[in-house]
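Below is one structure, written out as structure tokens, with a few remarks after it.
The values are calculated or read from the model by the stated rules, or taken from the named source; none is laboratory data. Just so we're clear, the structure is a prediction, and the values are computed from it rather than from any experiment. FYI the Cβ positions are ideal-geometry reconstructions off the backbone, even for glycines, and counts take in every protein chain you see. SASA here: full protein model, heavy atoms, side chains in, ligands and nucleic acids out. Shrake-Rupley method; radii C 1.70, N 1.55, O 1.52, S 1.80 Å.
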Amino acid sequence: MQLRSITGDVTGRPTIDGAGVRLVRVLGSPTVKTFDPFLMLDAFDSVNPEDYVKGFPMHPHRGIETFTYLVNGVIEHKDSLGNAGVIRDGGCQWMTAGSGILHQEMPLASPRMLGLQLWINLPAAHKMTDPKYRDITIDMVPCVEEEAAYVAVVAGEYKGVEGAARGDYVDVRFLDVRLKPGARWQVETNPAHTVFAYLYAGDCFLMEGREPMLARHAYLLGDGDTVAFEGGKEECRFVLVSGAPLREPVAWGGPIVMNTDEELMQAYFEIEEGRFIKHWLPSAQD
């Protein structure tokens, strides 16, 4: 057994996106290589609806997958494939933009809006795959209750329990962990995968080196096949995310992520010329 240690600590920066949504951009352009295949992580936590109700009106994506995980709150959404629905507490949305999609996400006023959006890069061979959408409700997410922790298996697999979703193009595991005070919890990880933890409540220690881990930080975990945590004085809540790195060139411009600048420019030409979307809901073609 080789325990992973902390090799990177990212706090992110406050920013405004969409039509005026206040959030914290934790991962982004500076972390693309080290957190590969994860491009971006936005964290949001507010009790003031003015911070988020302007939302993200209809906008394009190509070449990525977006994974929106909502701990608390309500978000309405719809897209150019004809999907529409509502994300609620404990639910998530996994959208494969592929060759191109238009979608919007509009948070509704809630007592608390708490969650994450993760961008997952698509391999070059699948950048132009057909777009699709998966809606995951809280009743679809299996939970494993242990002596040390309560683990929601949102994506991937944990101790033989299959999560609510599995990546079709990138092998991703997404666990939402509630670590009990003072408890020790460890999990095996694929040695070839990029692994990081983002804490959204409380604090804990990484047992390798007994390094402190604080809320609102993303920690990149180095080489190894196991990661072990020890709880602090209060319950700690974090997501543990892992995925197979692509090790491919990244050309990123706004909502479009391709492999070359030429592909990026082509996407924006198609947007300007009205040729961007390859797959519409049949009734939307008129």
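Across the stretch 115-142, the qualifying residues are those that are among the acidic types (Asp, Glu) and touching a residue at least 24 places away in the same chain (Cβ under 8 Å), and the one among them that is surrounded by the most Cβ atoms within 10 Å (Cβ to Cβ) is Asp135. When the criteria are applied in full, Gly91 fails the requirement of being crowded, with 18+ Cβ neighbours inside 10 Å and at pLDDT 95 or above.
Within the stretch 38-65, which residues are under 12 Å from the mean Cα position of the chain (by Cα) and over 25 Å from Ala201 (Cα atoms)? Ile64, Glu65 - these are the residues of the stretch 38-65 that are under 12 Å from the mean Cα position of the chain (by Cα) and over 25 Å from Ala201 (Cα atoms).
Take the stretch 86-102 and flag every residue that is in contact with a Pro (Cβ under 9 Å, 6 or more places away or on another chain) and assigned to a loop (DSSP other than H, G, I, E, B). Of everything in the stretch 86-102, those that are in contact with a Pro (Cβ under 9 Å, 6 or more places away or on another chain) and assigned to a loop (DSSP other than H, G, I, E, B) turn out to be Ala97, Gly98, Ser99, Gly100. Would it be correct to say that Gly98 is over 15 Å from the mean Cα position of the chain (by Cα), closer than 25 Å to Thr31 by Cα and surrounded by fewer than 24 Cβ atoms within 10 Å (Cβ to Cβ)? It is true that Gly98 is over 15 Å from the mean Cα position of the chain (by Cα), closer than 25 Å to Thr31 by Cα and surrounded by fewer than 24 Cβ atoms within 10 Å (Cβ to Cβ). Checking each residue in the stretch 1-42 for being in contact with an Asp or Glu (Cβ under 8 Å, 6 or more places away or on another chain), open to solvent by less than 20 Å² (accessible area, probe 1.4 Å) and assigned to a loop (DSSP other than H, G, I, E, B) picks out only Arg4.
Among the residues of the stretch 212-222, is there at least one that is open to solvent by less than 60 Å² (accessible area, probe 1.4 Å), at pLDDT below 95 and either touching a strand residue (DSSP E or B) at 6+ places or on another chain (Cβ under 8 Å) or farther than 16 Å from Thr7 by Cα (or both)? Within the stretch 212-222, one or more residues are open to solvent by less than 60 Å² (accessible area, probe 1.4 Å), at pLDDT below 95 and either touching a strand residue (DSSP E or B) at 6+ places or on another chain (Cβ under 8 Å) or farther than 16 Å from Thr7 by Cα (or both). Within the stretch 94-121, the set of residues being within 20 Å of Gly254 (Cα to Cα) and out of contact with any strand residue (DSSP E or B) (no Cβ under 6 Å at 6 or more places or on another chain) comprises Gly98, Ser99. Checking Gly156, Gly182 one by one, the residue that is on the phi > 0 side of the Ramachandran plot, touching a Gly at 6+ places or on another chain (Cβ under 6 Å) and surrounded by 21 or more Cβ atoms within 10 Å (Cβ to Cβ) is Gly156 and no other.
Which condition breaks for Glu145 when tested against (1) open to solvent by 20 Å² or more (accessible area, probe 1.4 Å); (2) over 26 Å from Asn48 (Cα atoms); (3) touching a residue at least 24 places away in the same chain (Cβ under 8 Å); (4) more than 15 Å from the chain's Cα centre (by Cα)? It fails just one condition, (3).
Here the condition is being within 28 Å of Ser80 (Cα to Cα), surrounded by 16 or more Cβ atoms within 10 Å (Cβ to Cβ) and within 25 Å of the chain's Cα centre (by Cα); of Glu235, Glu263, it holds for Glu263 alone. Taking the listed residues Glu76, Glu65, Glu105, the one that is in a strand (DSSP E or B), among the acidic types (Asp, Glu) and open to solvent by less than 10 Å² (accessible area, probe 1.4 Å) is Glu65, with no other qualifying.
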